[in-house]
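A.B. asks: Mind looking over this structure? Questions follow.
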Amino acid sequence: MHKPSIYGFTFDQLTGWLGEHGHKPSRARQVWDWLYRKRVTAFEAMTDVNGACLALLAEHFEIQTLGEHTKQESADGTIKFLLKLQDGNLIETVLMRHKFGLSVCVTTQVGCNIGCSFCASGLLAKSRDLTSGEIVGQIMKVQLHQDAAQQGDLVSHIVVMGIGEPFDNFENMVDFIETVKDHKGLAIGARHITVSTSGLADKIVAFTDRNLGVNLAVSLHAPNNELRTRIMKINRAIPIEPLMKAIDYYLSKNKRRVTLEYILLKDVNDRKEHALQLAELVGDRRQLVNVNLIPYNPVDEHSQYQRSEQESIRIFYDTLKKQSVSVSVRLEHGTDIDAACGQLRSKQIKATV
Ligand code: SAH
Ligand code: SF4
């Protein structure tokens, strides 16, 4: 029987669990410090923690449950980690280096059930949700890799944009965010964390109500229902109108811009008329949203789609600008190692399973 990762506890949960087993709250503080500040990988290394407490923890938990299968480093310093879960499933985590710091893209599920027509992750149906310990474990894997390289830099940003639909694994994703935000632990600022969703409107509302203060990105990808349903079948169940309503609810409670992600697919959604429709959809939210144009990374199995021409990207961008819509083009990292979003869980995994 595998033991779960202790990273799965938020600080309050750890305090509660230790309390139930007769340990004072100050013990939880000590253990937390060893896990996230000193970053030890074995309980016995927590030298100032009471021996009975360590024995109890070791009886019930492991620290890290993710094994490193392989690691690929790109010319631009991006590293893609292929990690092995206790049940043998493989997931991917990506470290990207920016001028503003280190960011990590985490996976939340093994596979994805949303099945967007352009996405490599959606090719494999979800086999299970990751536990919060496995999601936190990805950040710790990367941070410990940095520690070992003695580069001294800390993971400063997180994007929840790896394999899976984070809002389809809601509670574990929320626990993960609480853990990485904790001021006495990794202390990653809420404003440096972005969760991307394919648009589960009810969950956007529930997420807003948790008051986590993190950024929201929504995969829109089309300016009207007909086209969006063609690209993302989830749009049939949750069309653009309820989605925009949920976004408005988030905007009413957060002083943060929402990112609208828009993959440019050649001759599918990348024409000037689509940009104009998108500007209309944005409407009077112009000060409140940012459209992020994403150059498509071709996926072998989805050969019906191609990346838009540079010229079409430019025209799309300029059209939005002229309509006073805030717009950016996503910088790509690690394209030489297929580390871009949506390319995850692709070639190597198919070769290994
Ligand atoms: N499931 C969530 C988060 C993971 S996908 C979501 O869909 O938002 C993260 C981002 O990568 C999404 O905007 C997704 O649409 C995009 N993406 C997926 N496949 C891609 C591909 N082949 N090229 C570029 N972006 C892709
Ligand atoms: Fe799942 Fe996101 Fe890929 Fe759609 S784009 S299949 S929601 S991971």
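The values are calculated or read from the model by the stated rules, or taken from the named source; none is laboratory data. Owing to the predicted nature of the structure, the values given are computational and were not obtained by experimental measurement. Because the Cβ atoms are built from the backbone with ideal geometry, glycine has one as well, and the counts that use them run over all protein chains shown. The protein model used for the area step is the full one, side chains on, heavy atoms only, and it has no ligands, DNA or RNA in it. Shrake-Rupley method; radii C 1.70, N 1.55, O 1.52, S 1.80 Å.
A.B. asks: Within the set of pairs 6+ apart or on separate chains, which have a first residue in segment 1-14 that is at pLDDT below 95, a second that is among the β-branched types (Val, Ile, Thr), and C-beta atoms under 9 Å apart?
C.D. replies: As it stands, the answer is 2/65, since those pairs meet every condition given.
A.B. asks: Residues that are more than 16 Å from ligand 1 (Cβ to nearest atom) and farther than 24 Å from residue 6 by Cα: does segment 137-149 have at least one?
C.D. replies: Yes: segment 137-149 contains one or more residues that are more than 16 Å from ligand 1 (Cβ to nearest atom) and farther than 24 Å from residue 6 by Cα.
A.B. asks: Could you run through segment 151-168 and say how many residues are part of a helix (DSSP H, G or I) and hydrophobic (A, V, I, L, M, F, W, C)?
C.D. replies: Result for segment 151-168: 1.
A.B. asks: Restricted to segment 91-131, and to residues that are assigned to a helix (DSSP H, G or I) and open to solvent by 10 Å² or more (accessible area, probe 1.4 Å), which residue is nearest to ligand 2 (Cβ to nearest atom)?
C.D. replies: Residue satisfying both the conditions and the ranking: 122.
A.B. asks: Looking only at segment 314-336, which residues are surrounded by fewer than 17 Cβ atoms within 10 Å (Cβ to Cβ) and part of a helix (DSSP H, G or I)?
C.D. replies: Scanning segment 314-336 gives 314, 315, 318, 321, 322, 335, 336.
A.B. asks: Let me ask something additional. Filter segment 178-236 down to the residues that are touching a residue at least 60 places away in the same chain (Cβ under 8 Å), part of a loop (DSSP other than H, G, I, E, B) and more than 25 Å from residue 328 (Cα to Cα) and list them by number.
C.D. replies: Once the filter is applied, which keeps residues that are touching a residue at least 60 places away in the same chain (Cβ under 8 Å), part of a loop (DSSP other than H, G, I, E, B) and more than 25 Å from residue 328 (Cα to Cα), segment 178-236 yields 182, 184, 185, 186, 233.
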